[in-house]
Amino acid sequence: MSGIAQLFDNDSPLGRAVTKVGTYIAVNLLFIIGSLGIVTIGASLSAMYYTLMKYQRGGGEINPFRLFVKGFRENFIKATVVWVGVLCLISVLLLEMFWCSQAAGVMHLFLYGLGTVLLTAAVTAVYTFPGIAAFDAPVGRQLLNSLFFAGKSPVTVLPVVGAWLLPFYITYSFMEWMPLWAFLWCCFGFAATANVQSHFLLRLYAPYLAAAGGAEADKTESRQLLAGAQRTQRQILKDMKRLGM
């Protein structure tokens with residue numbers, strides 16, 4: 001019996017795995033519930049990133065319900081403003097791209113420029129919602145921070161953006177399996193996707209979190225951050241408060 005008890009103990013590998021899966025399912029369900037209002041999707045996204053980043057940084061058990069509600073409440077206004085702005089901007093860009101695609105001559109060439117703007121807006125949005133969860137900064141600075149981190153590590157853009165695009169592409173490429181996809185998305189799909197993104201983003205945030213929290217960071221990086229090599233980096237350090245643990 002003792003062997004069985006140890007197998008299902010919270011500190012055993014199986015116990016930790018079950019706890020982790022349970023956490024993802026809880027966060028996923030909270031995200032879905034928080035997104036039912038449509039307008040609240042932005043706040044729900046930020047709350048999901050807030051909870052998962054706390055979980056990854058804490059390295060132990062968390063109360064996903066308490067953290068999600070806290071992140072939702074604290075980020076509601078900024079995340080909602082960004083979400084509504086993103087929806088409006090993307091809608092306008094898609095409409096403009098449709099008109100340009102129907103036109104001929106010079107107007108048709110604007111299609112490529114609008115596509116570039118749309119791609120930039122999409123990448124910025126993908127980086128902004130986790131940024132809202134991590135940084136205590138106004139909306140304008142959140143958008144600048146998103147562009148900064150995307151430009152700081154262009155290689156990271158692929159897994160961060162791809163973590164959203166690839167699952168959706170697979171889902172809509174095999175519509176005959178939609179019942180399975182619907183089950184997976186409702187069970188843990190959104191949380192799993194956000195968890196992958198959080199893993200890569202926390203690696204970008206790590207030097208700033210270390211410096212902001214008073215921990216010892218890499219000497220070269222710390223010199224650049226704390227000596228003020230760039231104004232953006234100084235401001236990020238000033239704003240980096242939410243994920244300190």
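If you find the alpha carbon centre of region 145-213 and of region 44-104, how far apart are they in angstrom?
Using only Cα atoms, the two centres lie 12 Å from each other.
If packing is taken as the mean number of other Cβ atoms within 10 Å per residue, what is the order of 120-130, 47-57, 81-91, highest first?
The densest-packed peptide leads the list: 47-57, 120-130, 81-91.
Give me the percent of the accessible area of region 114-159 that comes from carbon and sulfur atoms, probe 1.4 Å, all protein chains in place. Mind showing how you got there, number by number?
Numbers: 1460 of 1860 Å².
Whole-percent figure for carbon plus sulfur exposure: 79.
With every protein chain left in place, what is the accessible area of C100 in Å² (1.4 Å probe, nearest 10)?
Accessible area of C100: about 10 Å².
Of the peptides 173-185, 67-79, how do they stack up when ordered by the mean number of other Cβ atoms within 10 Å, highest first? Could the numbers behind the result be given before it?
Values: 173-185: 11.4, 67-79: 20.0.
Order by mean packing, descending: 67-79, 173-185.
The values are calculated or read from the model by the stated rules, or taken from the named source; none is laboratory data. These numbers come from a predicted model, not from an experiment. Cβ: placed from backbone, ideal geometry, glycine included. Neighbour counts: every protein chain shown. These area figures cover heavy atoms from the full protein model, side chains too; ligands, DNA and RNA do not enter into them. Shrake-Rupley method; radii C 1.70, N 1.55, O 1.52, S 1.80 Å.
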